[in-house]
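I have placed the structure first, in the form of structure tokens, so that the comments after it can refer back to it.
FYI, it's all coordinate maths here, none of it is from the lab. Note that the structure is a prediction, hence the values are computed from the model and not measured. Positions of Cβ are backbone-derived with ideal geometry, glycine not excepted, and every protein chain shown enters the neighbour counts.
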Amino acid sequence: MSSDNLPASALDQNKALVHRLIDAVWNQGDFTALDTLFEPESRYVDPNHHRQSAAQMRQAAQLYRSLAPNLHVTIDQSLAEG
């Protein structure tokens with residue numbers, strides 16, 4: 001099912017999930033949040049169409065946060081439609 005066919009509430013839930021992910025993992029460094037936000041077999045597809053598991057996302061976030069411990073991501077706008 002594409003995002004075009006999802007009810008508005010599902011789109012809002014998807015946006016909220018991404019906001020929680022960004023805040024917990026990237027802003028706070030709470031890597032255990034990945035265990036609650038992702039099913040073990042789920043995959044995240046980034047803008048470049050690379051598929052990442054929660055473990056791969058954890059490694060990337062840990063690397064970025066070790067290089068920039070004061071990293072803070074601000075979401076100005078989020079789109080789930082289309």
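So what is the relative contact order of the stretch 23-82, in percent, for Cα pairs below 8 Å that sit 6 or more residues apart?
35 percent
Compute the helix-to-body angle for 54-67: its Cα long axis versus the longest principal axis of the chain, expressed 0 to 90° and rounded to tens.
50 degrees
Report, as a whole number in µm² per second, the diffusion coefficient that Stokes-Einstein gives for the chain at 10 °C and 1.306 mPa s using the Kirkwood radius over alpha carbon pairs.
115 µm²/s
Could you point to the residue in 50, 22, 37 farthest towards the positive end of the stretch 7-67's charge dipole, with +1 and -1 charges on the Cβ of Lys/Arg and Asp/Glu respectively?
Working it through, the farthest residue towards the positive pole turns out to be 50.
Mind pulling the angle between the C-alpha long axis of helix 8-21 and the longest principal axis of the chain? Nearest 10 degrees, somewhere in 0 to 90.
Between the helix axis and the principal axis of the chain, the angle is about 0 degrees.
What is the order of 73, 18, fewest Cβ neighbours within 10 Å to most?
73, 18
Taking the Cβ of each residue in 76, 23, 46 as the centre, tally the other Cβ atoms inside 10 Å and list the residues starting with the fewest.
Lowest to highest Cβ neighbour count: 76, 46, 23.
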